[in-house]
Amino acid sequence: MFEKTILITGGAGFIGTNFVDYFSSQHPGVRIVDLDALTYAAHPQSFERQKTLANVVPVKGSICDGSLLRDLFDRYCISGVIHFAAESHVDNSIADPVRFVQTNVMGTAALLDVSYKFWEKRGLLDSARFHHISTDEVFGTLGTDGFFTENSPYAPTSPYSASKASADLLVRAYIKTFGMNATISHCSNNYGPWQHAEKFIPTVIGKCLAHEPIPLYGTGLNVRDWLWVEDHCRAVDLIFHQGKSGRNYVISAQHEKTNLDIARAICSIFDELCPWTGHCHQELISFVEDRPGHDFRYASNPERLKRELHWRALGNFYDALRQTVLWYLQEGRHTLNPANTKV
Ligand SMILES: NC(=O)c1ccc[n+]([C@@H]2O[C@H](COP(=O)([O-])OP(=O)(O)OC[C@H]3O[C@@H](n4cnc5c(N)ncnc54)[C@H](O)[C@@H]3O)[C@@H](O)[C@H]2O)c1
């Protein structure tokens, strides 16, 4: 018998897979319904493994499907939502912006509508929490100085970040208009096991493994702020349980690195773990035409999360990066597809 049931969306994707593992072991008395459409970005293996966990019910389906959502809320009496599901790759959003609006905006709208109506009807509006996973990209781009905070103005620059910003505004509207008990988190770039091969770090790892050129956009000097996925999972758990309704929280370990720094660091790890006779992996680094509208720098200050919820990033950047490479070498090799990836 479970004390309650929560809905996690997108739990077969990169962060969702890590989060379902984390949350299900931290809260064995809570049942998790993982709703995932199993798009190309999902890991079917992770979804299958969730079937063996005592407190996880993986369900294949879309957050855009209102009648499926209503059925799940009724069947499991859902009393909390942690919403990860999204189209998440900026390059894909440039190729097909409408798909991003459908999933990230319309899907979030459907989820908010069903959650609100279910909780309102059952008098659960105050106690049932809706946590929305946003991104630091909704704040746009920075120059060489400064940090994003919870009060930074919205200034998205890609169809991806515009769709995430739109979803955030819908969540804010439900808080203001309907008194929904909701929180939003803006995390920086995550790294760790189970990230899709199309993303930056797995791409570099795949290229090192295949001894193929590592194509860096532009000069490789764009800066990202890297967050160990386990630190992200702990932060979301804290915000979901202890965050103040109506509040947004920035999540960052303040590990700012250029793309070139990251590629070089992974190459050094490969030189140590998989020596390449007569070569060093940095020889593979190459530069390709920049992505249109490529944001120069993201960096966030997680002061609120530290002060109010006493969160600290625990992952040491280079140790966690090495652990990530080891995971891809030992368990995640099948998830890499160097031929189809770009940085
Ligand atoms: N990865 C990062 O560095 C990062 C940084 C900031 C914010 N985020 C946000 O975190 C969340 C998770 O990111 P990720 O990197 O794990 O993404 P991902 O692309 O790896 O996984 C997304 C998951 O959502 C599922 N999904 C897509 N459309 C769906 C739909 N209509 N219904 C149900 N499920 C659907 C996919 O099947 C997949 O399993 C996203 O909201 C993303 O915007 C990610």
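The values are calculated or read from the model by the stated rules, or taken from the named source; none is laboratory data. Predicted model, so just to flag it, every value in this text is computed and none were measured. Don't worry about glycine lacking a Cβ; one is built from the backbone with ideal geometry, like all the others, and counts go over all protein chains shown. The accessibility values were calculated without ligands, DNA or RNA, using every heavy atom of the protein model including side chains. Shrake-Rupley method; radii C 1.70, N 1.55, O 1.52, S 1.80 Å.
Considering the conditions (1) in contact with a strand residue (DSSP E or B) (Cβ under 8 Å, 6 or more places away or on another chain); (2) in contact (Cβ under 8 Å) with a residue 60 or more places away in the chain, Tyr328 is excluded by exactly one of them, (1).
Working only within region 110-137, note down all residues that are assigned to a loop (DSSP other than H, G, I, E, B) and open to solvent by less than 10 Å² (accessible area, probe 1.4 Å). Across region 110-137, the qualifying residue is only Ala128. All told, Lys51 falls short of being surrounded by fewer than 19 Cβ atoms within 10 Å (Cβ to Cβ), charged (D, E, K, R) and within 12 Å of the ligand (Cβ to nearest atom).
Quick test for you: out of Glu331, Glu303, pick the one residue that is modelled with pLDDT of 95 or more and open to solvent by 30 Å² or more (accessible area, probe 1.4 Å). Give the derivation first.
Values: Glu331 fails: modelled with pLDDT of 95 or more.
After applying the criteria, what remains is Glu303.
On the given criteria, is Pro156 in contact with a helix residue (DSSP H, G or I) (Cβ under 6 Å, 6 or more places away or on another chain) and outside the structural domain of Arg247 (by TED's automatic domain parsing)? Here the answer is no, as Pro156 does not meet what is asked.
Whether any residue in region 165-188 is crowded, with 16+ Cβ neighbours inside 10 Å, within 16 Å of the chain's Cα centre (by Cα) and assigned to a loop (DSSP other than H, G, I, E, B) is what I want to check. Scanning region 165-188, I find at least one residue that is crowded, with 16+ Cβ neighbours inside 10 Å, within 16 Å of the chain's Cα centre (by Cα) and assigned to a loop (DSSP other than H, G, I, E, B), so the answer is yes. Is one or more of the residues making up region 17-36 basic (Lys, Arg), more than 7 Å from the ligand (Cβ to nearest atom), surrounded by 17 or more Cβ atoms within 10 Å (Cβ to Cβ) and not assigned by TED's automatic domain parsing to the domain that holds Leu336? There is at least one residue in region 17-36 that is basic (Lys, Arg), more than 7 Å from the ligand (Cβ to nearest atom), surrounded by 17 or more Cβ atoms within 10 Å (Cβ to Cβ) and not assigned by TED's automatic domain parsing to the domain that holds Leu336. Scanning region 62-78 for residues that are on the phi < 0 side of the Ramachandran plot, more than 7 Å from the ligand (Cβ to nearest atom) and of a type outside the set (Asp, Glu) yields Gly66, Ser67, Leu68, Leu69, Arg70, Leu72, Phe73, Arg75, Tyr76, Ile78.
Criterion applied to Val57, Val105, Val81, Val90 was being away from the ligand (no atom under 14 Å from the Cβ), hydrophobic (A, V, I, L, M, F, W, C) and surrounded by 15 or more Cβ atoms within 10 Å (Cβ to Cβ), and the one residue passing it is Val57.
Among residues of region 189-217 being in a helix (DSSP H, G or I) and touching a helix residue (DSSP H, G or I) at 6+ places or on another chain (Cβ under 6 Å), the one that is surrounded by the fewest Cβ atoms within 10 Å (Cβ to Cβ) is Ala210.
Please indicate, with yes or no, whether at least one residue in region 36-53 is under 26 Å from Ser245 (Cα atoms) and not basic (Lys, Arg). Let's see the steps before the verdict.
Narrowing region 36-53 to residues under 26 Å from Ser245 (Cα atoms): 36.
Of the ones still in play, those that are also not basic (Lys, Arg) are 36.
Yes; the residues of region 36-53 include at least one that is under 26 Å from Ser245 (Cα atoms) and not basic (Lys, Arg).
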